[in-house]
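This report concerns only the one structure given below.
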Amino acid sequence: MTLAAARAGRAVALLLALFVTVPGVLNPLQPGWLSNVNLVFHEAGHVLLMWAGETVTLLGGSAVQVLVPAACVATFLARRERFAAGLVTLWLGHSLAGVAAYIRDAPARELPLLTGDPDTHDWWQLLVGWNALGAADPLGRFVLFLAYAAVILGTLLAVWNELNSPPESA
């Protein structure tokens with residue numbers, strides 16, 4: 001495969017990754033297949049950390065949902081695969097946006113939950129327990145800022161990789 005063909009393939013991959021992730025970052029309450037992937041890791045986080053007590057179990061869902069794509073980014077960076085790291089950083093942004101929406105929903109508890117019981121809302125339980133329900137919106141906005149930053153950084157990392165690739169030999 002020529003360098004030009006490889007670059008074209010990576011450009012298509014980046015556009016596809018942006019197409020899949022950006023709508024979920026801009027509107028994280030819209031369902032999508034990547035949201036379902038994030039949900040699997042979220043629920044796995046509760047199960048994996050249930051031995052550590054109620055607070056850690058509640059935090060574990062959002063933490064594992066974010067840590068799985070973050071670990072993938074770190075793995076690709078360690079392998080010096082910057083383009084792949086950039087694409088997976090877009091997934092990290094998508095995951096962060098979902099957590100941000102969940103945090104911001106804590107006071108209203110309007111998001112549909114797997115249990116169907118609004119009293120099982122992780123962030124509502126956490127913030128009520130910490131007497132910090134009023135922090136839901138600013139905390140959620142901060143996590144959303146991190147989501148936007150991840151999308152920008154992931155895109156820049158993927159593009160930077162392409163700009164710094166060796167030129168095609170004649």
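When a/c reaches 1.5 or more, the comparison of a/b and b/c decides; with that in mind, is the chain rounded, prolate or oblate per its Cα gyration tensor?
Numbers: a/c = 2.67, a/b = 2.31, b/c = 1.16.
Verdict is prolate for the chain.
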Taking N as the number of residues in region 37-78, what value does Rg over Cα atoms divided by 2.2 N^0.38 Å take?
1.20
Taking the Cα centre of each part, how many Å lie between region 29-98 and region 3-25?
20
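For every helix of n ≥ 4 consecutive DSSP H residues, a contribution of -39,500 (n - 2.57) applies; sum these over the chain, divide by its total residues, and give [θ] at 222 nm rounded to the nearest 500 deg cm²/dmol.
Taking each H run of at least 4 residues, the total per residue is -25000 deg cm²/dmol.
List the DSSP H helices in the chain whose Cα atoms stretch 24 Å or more along the helix axis and whose mean Kyte-Doolittle hydropathy is at least -1.0. Let's see the in-between values first.
Details: long enough: 3-26 (33 Å, 1.79); 54-78 (34 Å, 1.53); 82-104 (32 Å, 0.99); 136-163 (40 Å, 1.36).
TM-like helix candidates: 3-26, 54-78, 82-104, 136-163.
Where does each of 6-18, 90-102, 63-75 land if you order them by average Cβ count within 10 Å, highest first? Numbers along the way, then the final one.
Details: 6-18: 14.3, 90-102: 25.6, 63-75: 18.8.
So the order, starting with the most tightly packed, is 90-102, 63-75, 6-18.
Tally up the carbon and sulfur contribution to the accessible surface of region 80-170 as a whole percent, 1.4 Å probe, everything protein left in place. Mind showing how you got there, number by number?
On the way: 3140 of 4860 Å².
That share works out to 65 percent.
Averaged per residue, what accessible area in Å² does the chain show with a 1.4 Å probe, protein chains only?
Values: 9580 Å² over 170 residues.
With the other protein chains kept in place, the chain gives 56 Å² per residue.
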Roughly to the nearest percent, how much of the accessible area of region 1-56 is carbon and sulfur, given a 1.4 Å probe?
76
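Would you mind working out the magnitude of the charge dipole of region 1-150 relative to its Cα centre, with +1 at each Lys and Arg C-beta and -1 at each Asp and Glu C-beta, to the nearest 20 Debye? Write down the numbers at each step before the final one.
On the way: 8 positive and 9 negative charges, 185 e Å.
Dipole of region 1-150, to the nearest 20 debye: 900 debye.
The values are calculated or read from the model by the stated rules, or taken from the named source; none is laboratory data. Predicted model only: the values in this text are computed from it and were never measured. We place every Cβ from the backbone using ideal geometry, glycine too, and count neighbours over all the protein chains shown. Side chains included, ligands, DNA and RNA excluded: accessible areas come from the protein's heavy atoms. Shrake-Rupley method; radii C 1.70, N 1.55, O 1.52, S 1.80 Å.
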